[in-house]
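Report on the structure given below.
The values are calculated or read from the model by the stated rules, or taken from the named source; none is laboratory data. These numbers were taken from a predicted model, which means no experiment stands behind them. Counting neighbours? That spans all protein chains shown, and the Cβs are built from the backbone with ideal geometry, glycine included.
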């Protein structure tokens with residue numbers, strides 16, 4: 001599908017640079033340098049992502065973000081020329097999903113955009129799956145991989161038919177990995193989807209929880225065959 005991105009930036013040169021590079025990546029773009037117009041465009045076109053400068057004339061980016069969050073749920077990537085931590089905290093409290101300080105490389109911005117849109121896609125897929133499950137009450141919530149069972153409804157993991165004691169995040173991690181069976185997932189993506197955007201720890205947390213899981217579900221934890229390490233990327237569940 002084609003994603004629509006609204007660029008709200010009062011620096012005309014940067015605005016044009018952003019929209020040019022986004023279009024080159026295949027995105028549809030809308031643009032404005034005015035906060036009030038940004039709200040009107042967002043309400044009319046429902047973009048998939050908003051790139052929002054903090055320092056706007058009239059209605060600043062913080063206020064635009066605050067109003068947007070009351071009405072819509074699309075990701076907001078805020079831009080600022082100031083590196084003050086308080087700006088980042090205020091932006092995140094207003095509902096921004098990510099924050100980028102000027103000057104930044106276009107490569108970094110595009111990586112942030114792709115990560116945010118990936119979250120949109122996965123959220124949409126999960127919502128669709130959940131709606132399908134609601135319409136199919138007879139559908140089982142137990143997934144089986146050999147002698148390993150993941151019971152969604154009971155939030156229970158069973159090995160050879162016997163429940164295994166697991167911490168909540170261990171269950172969440174294994175559940176996420178198994179739902180993406182056979183797909184290599186990066187540590188950052190796993191951290192984002194299992195621990196959430198507000199989590200302040202690093203990706204080392206993922207490695208620790210994977211080690212704990214391996215000790216519980218792998219026949220030989222030192223030579224994992226279920227949760228496989230994908231060098232340079234992260235992990236893949238092979239069952």
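Scanning segment 48-58 for residues that are without any contact (Cβ under 8 Å) to a residue 60 or more places away in the chain, farther than 15 Å from residue 12 by Cα and either surrounded by 22 or more Cβ atoms within 10 Å (Cβ to Cβ) or out of contact with any helix residue (DSSP H, G or I) (no Cβ under 9 Å at 6 or more places or on another chain) (or both) yields a count of 1. The condition of being closer than 22 Å to residue 192 by Cα and in a helix (DSSP H, G or I) holds for only one of 64, 37, 90, that being 90.
Tallying residues that are at pLDDT 90 or above and assigned to a loop (DSSP other than H, G, I, E, B) within segment 185-224 yields 4.
Identify all residues within segment 77-109 that are out of contact with any helix residue (DSSP H, G or I) (no Cβ under 7 Å at 6 or more places or on another chain) and modelled with pLDDT of 85 or more; write none if there are none.
79, 101, 102, 103, 104, 105, 107, 108, 109
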